[in-house]
Structures are given as structure tokens and as C-alpha cells.
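Inspection log for the structure reproduced underneath, given as C-alpha cells.
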Amino acid sequence: QVQLVESGGGLVQAGGSLRLSCAASGRTFSHYTMGWYRQAPGKEREFVASITWSGGMIDYADSVKGRFTISRDDAKDTVYLQMNSLKPEDAAVYYCNAPHVFVTELASHVDYWGEGTLVTVST
């Protein structure tokens, strides 16, 4: 069974830091772009950051540029999101995403999502 499992969320004071992890199991995603999204209560899910399979291209939402850093360790099939200088508006459930992954058994592409990890930022 293919899974993306996020961890590292929690309660942090504004200005603090958290490091989220997304561990893949059931298959490797080392040749695929991986990303992080977030969804705050009452809002749509939004893009946060992404990193290509080689780490050669990294993209961030404007709202997190300069504060968040995405990275990956393909030997561990894990993607990280280092979040610094957290603001109350960063509070959300953070989801790991592996988009457009080719599944041989299905002969088609699948978008994989984790269950999410909650980040709460207190003032």
C-alpha cells in the first residue's frame, strides 16, 4: 500500500519554527516532484512549496518565501518542510503531495496525498 505520512506538526508560538516530514512507503518517489500544501479552516487548500526529483527546481508560494525551506532525502524517501518565523496565518493542516505519479498496474497517473499534520501558531 502506497502511503505518504506527514509528521512534525504541533503548537508553536509566533516567530517559532517547526520541521515537517513526509515519509513515503509502498513505493519510491525519488524520480518525482514532491510538494507541500496547506488548508486553513474555511479556506481552500493552497500550494506551499515543491521540489523536483533532482532538487534542481524548487518553488514557493509568495507568502512563505524566505521563511520556509523544502528539501528531500531520496535515500529515506522523505521530504521536509522547515518552517521558520511562523505567523498566525501559517496555521493550517499541512499536506504532502506527490502529483502525477505513473502507476504501472493502473497504466495511468495518480496524485498521492498524505492525511495531513496540523500546525497551530499562537500569538
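Round to a whole angstrom and tell me the spacing of the C-alpha centers of region 12-45 and region 99-123.
When both Cα centres are located, 9 Å separates them.
If you add up the charges near residue 98, with Lys and Arg at +1 and Asp and Glu at -1, over every other residue whose beta carbon is less than 13 angstrom from its beta carbon, what do you get?
-2
Using θ = phi - 60° and the Karplus form 6.51 cos²θ - 1.76 cosθ + 1.60, what ³J(HN,Hα) does each residue of region 58-68 get, whole Hz, x for Gly and Pro?
Per-residue couplings from phi come out as 10, 9, 10, 5, 4, 5, 10, 4, x, 10, 10 Hz.
For residue 3, what charge total do you get from the other residues with a beta carbon under 15 Å from its beta carbon, if Lys and Arg give +1 and Asp and Glu give -1?
Every neighbour counted, the sum reads -2.
For the peptides 101-111, 57-67, 4-14, what is the packing order when you average, over each peptide's residues, the other Cβ atoms within 10 Å and list the highest mean first?
Answer by packing, highest mean first, reads 4-14, 57-67, 101-111.
In a shell of Cβ-Cβ distance under 10 Å around residue 22, excluding residue 22 itself, what net charge do Lys and Arg (+1) and Asp and Glu (-1) give?
Around residue 22, the surrounding residues sum to -1.
Averaged per residue, what accessible surface does the chain expose to a 1.4 Å probe, in Å²?
Dividing the accessible area of the chain by its residue count gives 54 Å².
Give a residue-ordered list of calculated ³J(HN,Hα) values for region 94-99 (Karplus: 6.51 cos²θ - 1.76 cosθ + 1.60, θ = phi - 60°; whole Hz; x for Gly, Pro).
Residue by residue, region 94-99 yields 9, 10, 8, 9, 10, x Hz.
Placing one identical point scatterer on every Cα of region 1-113 and ignoring solvent, what is log10 I(q)/I(0) from the Debye formula at q = 0.10, 0.23 Å⁻¹?
After summing over all Cα pairs, the log10 values are -0.29, -1.35.
For residue 87, list the lysines whose Cα falls under 29 Å from its own Cα; do not include residues on the same chain fewer than 8 positions away.
43, 65
Assuming a viscosity of 1.567 mPa s and a temperature of 4 °C, what translational diffusion coefficient in µm² per second does Stokes-Einstein assign to region 8-68, Rh being the Kirkwood radius over Cα pairs?
Reported coefficient: 96 µm²/s.
The values are calculated or read from the model by the stated rules, or taken from the named source; none is laboratory data. Since the structure is predicted, the reported quantities are computational estimates derived from the model, not experimental observations. Because the Cβ atoms are built from the backbone with ideal geometry, glycine has one as well, and the counts that use them run over all protein chains shown. With ligands, DNA and RNA removed, areas are computed over all heavy atoms of the protein, side chains included. Shrake-Rupley method; radii C 1.70, N 1.55, O 1.52, S 1.80 Å.
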